[in-house]
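Below: one structure, written as structure tokens.
The values are calculated or read from the model by the stated rules, or taken from the named source; none is laboratory data. A quick note: this is a predicted structure, and the numbers were derived from the prediction, not measured. Because the Cβ atoms are built from the backbone with ideal geometry, glycine has one as well, and the counts that use them run over all protein chains shown. Calculation scope for accessible area: heavy atoms of the full protein, side chains included, ligands and nucleic acids excluded. Shrake-Rupley method; radii C 1.70, N 1.55, O 1.52, S 1.80 Å.
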Amino acid sequence: MTIALSSLIPFPIRNPPMIDAGIRAFRDDEELSTGEEIGGQLLQAIQHSKISIPIFSRGYADSPWCLRELVKMVESKNTGGQKIMPIFYDVAPSEVKYQKDHYSNAIVSHRKRFNDETINNWKAALKEVGELMGWDLHGKPNRGKGEFLKEVVNKVLTELRTAYVEVSDCFVKVDNDNDVDEIIRMIGPQNNETKIVGIHGIGGVGKTTLAIFVYNQLSRDFVDNCCILYDMRTQNITDLQKQLI
């Protein structure tokens, strides 16, 4: 499950809760290969993402690539039902929507290199996304970025409807993703079969942590129909049944 980011500024949207939940975030300046292929790769990533997050900074409209990405986001929204969740970093939503101030100057400068159809598509995309409900960090300058980032991540996880379980500090950390991938491979593709996978080993090697990581990756495919039960040996069957229900 992926989200696509369109931004000219460093923005730490990718963090452990999203990664552990099986969510991958694509950014055009880091995740994808450099060179001429970057456009096609990111546009394809946008097309296959559940959510797109354009991060509007003052210089966003200066970049033809960012504007191309924005048009692709709008196309994916209108044809595939993708959700766009804009972040207005250091510009007001009205500046994006109506292409005012620096955005107006950027559009004028692009007319020297691009035809009217391209310019009109960019302006239409800016207007449509500028009208969407998003986060206006520009309008709340005293708000801490840590608090803001937490809200964005929580909203993304909610929209993707992942039943994410956070790994407590008391659990042993699992460093090898190969173990998770191997269990996912053993479980195989979705079907109507009931499958049981046992993870055994001495205490303290990370069995519970590994089970949580696997659960976090699988739960997104089952929406709300999933459950994880802890400390089964210390609880009676009736309490466990109530938790499951």
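Spin-label point model (7 Å from Cα, Cβ direction): what's the Asp179 to Val197 distance in nm? If labels sit at Asp179 and Val197, their model points lie 1.2 nm apart. Using a cut-off of 27 Å between Cα atoms, the listed pairs Lys112/Lys140; Lys127/Lys155; Lys77/Lys100; Lys50/Lys97; Lys50/Lys207 include Lys112/Lys140; Lys50/Lys207 as exceeding that distance. Rolling a 1.4 Å probe over the protein chains gives Ser57 an accessible area of about 10 Å². Where in the range 41-66 is the amide nitrogen less than 14 Å from a point lying 7 Å along the Cα-to-Cβ axis of Asn105? Answer for this model: 58-63. Accessible area ranking (1.4 Å probe, heavy atoms, ligands and nucleic acids excluded), largest first, for Arg58, Arg111, Arg68, Arg233: Arg233, Arg58, Arg111, Arg68. The stretch between Leu132 and Lys97 holds 11.7 nm of extra length on full extension. This uses 0.36 nm per residue minus the Cα-Cα distance.
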